[in-house]
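Take a look at the following structure, please.
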Amino acid sequence: MLSTTITTPSAFVKPQAPRTRVKARADSTMAPPTTRVPPRNPEGAPTVVPQDLPSRPRRNRRSPTVRKAFRETILTPDNFIYPIFVHEGDENIPIGSMPGQDRLSFKNGMIKQVREARAAGVNQVVVFPKTPDNLKTACGKEAFNPNGLAQRSISLLKDTFPDLEVYTDVALDPYNTMGHDGMVRSDGVVMNDETVYYLCQQAVSQARAGADVISPSDMMDGRVGAIRQALDDEGFTNVAIMSYTAKYNSAYYGPFRDALASAPRPGSEDWKIPKDKAEYQMDPANYRECLREAALDEQEGADIMMVKPAGAYLDIIRALRDSTTLPISAYQVSGEYSMLKAAAAAGYLNERDAVLESLIAIKRAGADLTLTYYAIDAAKWIQEGN
């Protein structure tokens, strides 16, 4: 019987000499010894067994690099629209209730200020004219004067900066002796359809002056559709409409009305004037109403929808963001600006950090564009790195 020898794998292993420890030699290609010092716990910290956690969210916040890499909301100067106040005088006039803001001289200050904004990366402005009292009337016809301050300001801005995106304000309150966005009847009723008729003329006059975006802030019913039709009839099909879709009857507008002297005037027994704008601006208590306004504005041809104010209405910004595919803008209004300024001046908060946080919150809520008086400062802070 033939015998067979089975060879195990170990038989193929070549015997090796015993290993000896070799002393490492200095090599310039080798990394130097670490100089990191192990961290120390504060005195009194307990010694514990690490928690058995499947997920630790703090790992994604452990360093500036990681935090920036995972940042969900990015703020840039492209997001800002800079509101500017203009007047007929030769010099800028400081606005007492808005530190750092001026009524800009149409002849001198406006172009200089816009040039500074553009240098900071802000290339969008909205113009608010301070109408001389002698030009104000009960019907506000100065709103569509082709040689009015607003129209001349728009034209000068577009002549000087052809690529500047110029937004306008469509409402009668800067031109109305009674301080309302529409004409007021003797019984105190703000007239809707008659006001819309004049708003259409105002919008067309602004488009003729060179406006890129018409912004009706009046809150009259049907004005978006009427303005769209008026613009199209005059050949301004490329002029966009940014509707103040959810403009609330807010307490935050005071400094703005101070800047334009546009607050409602006292009435009389002979001619009643509403003390506020609750009849046409939205009730701050209401949420669902903004969805109704948004549906109407979109149906009537709005290109952008706005929420005003911004900071106290972040839920409304989100509601519009979730209900439409249109771009959303939000107005960080004069009262919000002045509160931040006052708190910073008193040393209660860091102005830069608080402003950027507020603007991030507005964008995070869903705003594509933010109108803010901090546009220039915020743009510079962003460029410096935050």
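The values are calculated or read from the model by the stated rules, or taken from the named source; none is laboratory data. Being a predicted model, the structure only gives us computed values, none of them experimental. Don't worry about glycine lacking a Cβ; one is built from the backbone with ideal geometry, like all the others, and counts go over all protein chains shown.
Testing P274 on (1) assigned to a helix (DSSP H, G or I); (2) surrounded by fewer than 20 Cβ atoms within 10 Å (Cβ to Cβ); (3) in contact (Cβ under 8 Å) with a residue 24 or more places away in the chain, one condition comes back false. Which one is that?
Status for P274: all satisfied but (1).
Which condition breaks for M178 when tested against (1) within 25 Å of I95 (Cβ to Cβ); (2) in contact (Cβ under 8 Å) with a residue 60 or more places away in the chain; (3) touching a Ser or Thr at 6+ places or on another chain (Cβ under 8 Å)?
The failed condition is (3).
Can I ask one more? Could you go through region 155-162 and let me know if any residue there is assigned to a loop (DSSP other than H, G, I, E, B) and among the basic types (K, R). Walk me through it before giving the result.
We begin by selecting, within region 155-162, every residue assigned to a loop (DSSP other than H, G, I, E, B); these are 161-162.
Checking the rest, the ones that are also among the basic types (K, R) come to none.
Looking through region 155-162, none of the residues is assigned to a loop (DSSP other than H, G, I, E, B) and among the basic types (K, R).
Follow-up question, since we're still on this one. Being more than 12 Å from the chain's Cα centre (by Cα) and within 20 Å of V126 (Cα to Cα) is the filter here, so list the residues in region 340-378 that pass it.
Of everything in region 340-378, those that are more than 12 Å from the chain's Cα centre (by Cα) and within 20 Å of V126 (Cα to Cα) turn out to be I376, D377.
Still on this structure, please answer the following. What residue, among those in region 226-251 that are outside any loop (DSSP other than H, G, I, E, B) and among the polar types (S, T, N, Q), is surrounded by the fewest Cβ atoms within 10 Å (Cβ to Cβ)?
Selected residue: Q229.
How many residues does region 314-363 hold that are out of contact with any Pro (no Cβ under 8 Å at 6 or more places or on another chain), of a type outside the set (A, V, I, L, M) and in a helix (DSSP H, G or I)?
Of the residues in region 314-363, 11 are out of contact with any Pro (no Cβ under 8 Å at 6 or more places or on another chain), of a type outside the set (A, V, I, L, M) and in a helix (DSSP H, G or I).
R67 versus (1) crowded, with 19+ Cβ neighbours inside 10 Å; (2) in contact with a Lys or Arg (Cβ under 7 Å, 6 or more places away or on another chain): which is the lone unmet condition?
Evaluating R67 over (1) crowded, with 19+ Cβ neighbours inside 10 Å; (2) in contact with a Lys or Arg (Cβ under 7 Å, 6 or more places away or on another chain) leaves (1) as the failure.
Name the single residue that is surrounded by the fewest Cβ atoms within 10 Å (Cβ to Cβ) among those in region 116-135 being among the β-branched types (V, I, T) and in contact with a Pro (Cβ under 7 Å, 6 or more places away or on another chain).
Looking at residues that are among the β-branched types (V, I, T) and in contact with a Pro (Cβ under 7 Å, 6 or more places away or on another chain), I get V126.
Report whether or not D297 is over 22 Å from D212 (Cβ atoms) and either modelled with pLDDT of 95 or more or among the polar types (S, T, N, Q) (or both). So that I can check it myself, show each step before the final result.
On the way: over 22 Å from D212 (Cβ atoms): no; either modelled with pLDDT of 95 or more or among the polar types (S, T, N, Q) (or both): yes.
So D297 fails the test.
Pull up region 93-115, narrow it to residues that are surrounded by fewer than 19 Cβ atoms within 10 Å (Cβ to Cβ) and in contact with a helix residue (DSSP H, G or I) (Cβ under 6 Å, 6 or more places away or on another chain), then point me to the one that is farthest from Y253 (Cα to Cα).
Out of the qualifying residues, it is I111.
Taking F128 as meeting all but one of (1) closer than 16 Å to S262 by Cα; (2) in contact with a Gly (Cβ under 6 Å, 6 or more places away or on another chain), write down the number of the exception.
If we test F128 against (1) closer than 16 Å to S262 by Cα; (2) in contact with a Gly (Cβ under 6 Å, 6 or more places away or on another chain), just (2) comes out false.
For region 193-202, which positions are over 19 Å from L156 (Cβ atoms) and of a type outside the set (D, E, K, R)?
Matches in region 193-202: T195, V196, Y197, Y198, L199, C200, Q201.
Separate question: When region 213-246 is examined, which residues are found to be without any contact (Cβ under 8 Å) to a residue 24 or more places away in the chain and β-branched (V, I, T)?
T237
Whether any residue in region 257-271 is part of a loop (DSSP other than H, G, I, E, B) and basic (K, R) is what I want to check.
Scanning region 257-271, I find at least one residue that is part of a loop (DSSP other than H, G, I, E, B) and basic (K, R), so the answer is yes.
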